[in-house]
2 protein chains.
Amino acid sequence: MKKFINDPNDVLPEMMEGYLRAYGDIIERIEDYPSVVLKDLDPGKVGLIVGGGSGHEPIFIEYLGKGMADGASQGNICAAPSPDNILAVTKAVDRGKGVVYIYGNYSGDCMNFDMAAELADLEGIKTATVRVTDDVASAPKDRISDRRGIAGDFFVMRIAGAACYAGYDLEDVKRVADKANANTRTMGVALTPGTIPGEKPAFTLGEDEMEIGMGLHGEPGIRRDKIQPADKIVDQMMKMILEDLPFKKGDDVCLLVDGFGATTRMEMMIIIRRVSQLLDKEGITLHDVKFGNFATFQEMAGSSITLMRLDDELKKLYDSPMWSILFGQKGFSTHK
Amino acid sequence: MKKFINDPNDVLPEMMEGYLRAYGDIIERIEDYPSVVLKDLDPGKVGLIVGGGSGHEPIFIEYLGKGMADGASQGNICAAPSPDNILAVTKAVDRGKGVVYIYGNYSGDCMNFDMAAELADLEGIKTATVRVTDDVASAPKDRISDRRGIAGDFFVMRIAGAACYAGYDLEDVKRVADKANANTRTMGVALTPGTIPGEKPAFTLGEDEMEIGMGLHGEPGIRRDKIQPADKIVDQMMKMILEDLPFKKGDDVCLLVDGFGATTRMEMMIIIRRVSQLLDKEGITLHDVKFGNFATFQEMAGSSITLMRLDDELKKLYDSPMWSILFGQKGFSTHK
């Protein structure tokens, strides 16, 4: 796979240097780690740390912002951040009100964030943890706590960030983030693999194949099929999403169509169109639509559909002003 | 090439339906054409229309916003919009102060926008035209007016949009947009081709090849080489950019690193890092950095580097509040 890199061993530090060159006026690096925090933290607020392995940019580093994350604790490529890394970020963002950890539910992340929480406790910093489990394909409904976190991370992290910014206390930030997660469902389909620099493609798919439910690190999905017309694929994905929560007539939802890395806007729009038609048919109201690359696996092609059901509290938080590097911003805007 | 599409003949109308589903509260479609305008136009301002062929999303449709474009006149995939299409958009955005047309310098676009300008004149609407010619590789310096417009479109359109929003008159909007174009230079390198749905890849490149200067429709570049380390590629691109204007010690510049479609953030950051190092060495100050997909050719991999040199007027306009669909926004923010 051809890429703009120098030595494959240098991609992570060189990437971090690029981010610091682009956003060094508002973020600073945590020494020794590929982790960053906002420079200008509002006093008296609960801190929000998001994290996981690198290589899925824009997540996690670009999720920093106001009404979004205060810190991103990132490990090496596709590797969980170490407990020391997480602790260092925790100390940097704590303002005496405690810190919430939000991350996708992967065993390495769970272990290391839990260890960091213990270390933080020894230092007198209270923490709370929310594991994102939006990937419907990754485990059956009676084992939701085994599900992986994928693009739904965005909604859960956004809600938590809004709550922190609004002055919620630690317990309440955890409560609304758990609620956001409980109301968020994602289904993905992979078309072509991603390739970590210096490695082979993470998986192989035939010239005419797709894999429904494949994870963002190439984890096996639930079915490999011949590729079908977009509407047929979306119909299958939406059926699984809608039945799982279940979403019902009268619900208000936010939609996120993620591109994984190499998927065109044209394809995302064709998907958004079909999802909208299906929601109309079900009597479900589309409150907001986001699209683009939110959680990628290098140049992987494919897409995921995420729905978050809103209640009044989630809607108010979601609609509150924010900014995030993810949206190329350094100042407040409304995103609804 | 596997894609999320239905019938290749339907991709354009289905894409438009998707955009209208996602942003229908703020944009409306111009009947019969894949063109859109902002619903809420500020009275008494010069109108800004950007345009060209479809298939390069997010440009042009997502360039709509405040302090950005009022209308996007888009043709079929890789085809110029018709004069009638452009005229319809012109009538929709004119508020009695005239309309500025900004587009990349391609023969079909030039011909059709010029014809539309004549038709608009017959209807009593004054127009002015700015053709973006940022692509250093597309013609030598003594024939700048033959150069193509690529990712530099963003800077020229942003400056013009800011000027329209600030209340500049038609002549003055054209003046600053021409100035922005005259101070903008881009060099691109392609690694893999893009594929229009239903067609073959637009060009072929060997497994270990890159083409320096290749255009956004696969137009031939200036040299095909074995792929090299990122820093070496960037050094060659930057040499051509810096010498062409030329950029000099003491200059303030904005940088845009475009991803073409399938290029990872990791690669963009490695490029930003190297560009920053070279600018430091030259004594040139980086005023702002943008990165991501701004002008794509489907799932093409590669990248372009664009620099715009700022004077006080351009800096003030560039830094003024704005919002654009491109940044996922529906409300003002500062982008510096």
Using only alpha carbon pairs under 8 Å that are at least six residues apart, calculate the relative contact order of chain B and give it in whole percent. 18 percent
Highest-fluctuation residue, B:Pro43, B:Pro197, B:Pro220 considered, GNM on chain B with Cα pairs under 10 Å: B:Pro43
Classify the range B:23-122: rounded, prolate or oblate, from the alpha-carbon gyration tensor (a ≥ b ≥ c, eigenvalue square roots; a/c under 1.5 rounded; otherwise prolate if a/b is larger than b/c)? oblate
Using Cβ counts within 10 Å as a stand-in for footprinting exposure, how do A:Cys164, A:Cys78, B:Cys110 rank, fewest first? B:Cys110, A:Cys78, A:Cys164
Counting only other chains, what is the mean number of Cβ atoms within 10 angstrom of the Cβ of each residue in peptide A:291-302? 4
Once the label point is set 7 Å along the Cα-to-beta-carbon vector, what list of distances in nm do you get between B:Arg95 and its counterparts in the other copies? 3.8
Which residue fluctuates most in the GNM of chain B (Cα springs below 10 Å): B:Gly152, B:Gly96, B:Gly215? B:Gly96
Residues with beta-carbon under 12 Å from that of A:Leu119, excluding A:Leu119: net charge, scoring Lys, Arg +1 and Asp, Glu -1? -4
Give me the net charge of B:Lys39's neighbourhood, meaning all other residues with Cβ under 14 Å from the Cβ of B:Lys39; Lys, Arg count +1, Asp, Glu -1. -1
Per-residue Cβ counts within 10 Å, from other chains only, averaged over A:252-260: what number is that? 1
Of B:Asn76, A:Ala182, B:Pro34, whose Cα points farthest to the positive end of the dipole of the protein assembly as shown (charges on the beta-carbon: +1 Lys, Arg; -1 Asp, Glu; origin at the Cα centre)? A:Ala182
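Shape of chain B from its Cα gyration tensor (a ≥ b ≥ c, root eigenvalues): rounded if a/c is under 1.5, otherwise prolate when a/b > b/c, or oblate?
The shape class here is oblate.
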What is the antiparallel percent of DSSP beta bridges lying wholly in the protein assembly as shown, to the nearest 5? 55 percent
For B:Lys97, A:Lys3, what ranking results if the residue with the fewest other Cβ atoms within 10 Å of its Cβ goes first? B:Lys97, A:Lys3
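In the structure displayed, which of A:Lys330/B:Lys316; A:Lys2/B:Lys239; B:Lys249/B:Lys315 lie more than 20 Å apart, Cα to Cα?
The pairs that break the limit, which is 20 Å between Cα atoms, are A:Lys2/B:Lys239.
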Residue list for the range A:276-319, given a label point 7 angstrom along the Cα-to-Cβ vector of A:Asp225 and an amide N cut-off under 19 Å: A:276-279, A:301-307
Summing +1 for each Lys or Arg and -1 for each Asp or Glu, what net charge is found among the other residues whose Cβ lies under 14 Å from the Cβ of B:Gly194? -4
Report the Cα centroid-to-centroid distance between the range A:35-66 and the range A:95-114 in angstrom, as an integer. 12 Å
Looking at chain A, what % of its DSSP beta bridges pair antiparallel, to the nearest 5? 55 percent
For chain A, set up a GNM with springs between Cα atoms under 10 Å and report which of A:Arg185, A:Arg158, A:Arg143 has the largest fluctuation. A:Arg143
In whole angstrom, how far apart do the alpha carbon centroids of the range A:191-215 and the range B:126-157 sit? 38 Å
Could you tell me the relative contact order of the range B:85-191? Use alpha-carbon pairs under 8 Å, at least six residues apart, and round to a whole percent. 27 percent
Using a label point 7 Å beyond Cα on the Cα-Cβ vector, give me the inter-copy distances for B:Gly44 in nanometres, one decimal, shortest first. 4.1
List the distances, in nm and shortest first, from the label point of B:Asp252 to the matching label points in every other copy, placing each point 7 Å from Cα along the Cα-to-Cβ direction. 4.2
Within the range A:230-313, percent of DSSP bridges classed antiparallel, to nearest 5: 45 percent
Once each part is reduced to its C-alpha centroid, what is the distance from the range A:272-336 to the range B:250-275 in angstrom? 26 Å
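Would the range A:184-316 count as rounded, prolate or oblate if I go by the C-alpha gyration tensor, calling it rounded below 1.5 in a/c and otherwise prolate when a/b exceeds b/c, oblate otherwise?
Values: a/c = 2.14, a/b = 1.75, b/c = 1.22.
The shape class here is prolate.
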Go ahead and run the numbers for FRET between A:Arg95 and A:Asp312, Cβ-Cβ distance against an R0 of 25 Å, rounding to 0.05. 0.35
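Quick note: the coordinates plus some simple rules give every number you see, no bench work behind them. Keep in mind that this is a model prediction, so the values were computed, not measured. Virtual Cβ from ideal backbone geometry, glycine too; neighbours counted across all protein chains shown.
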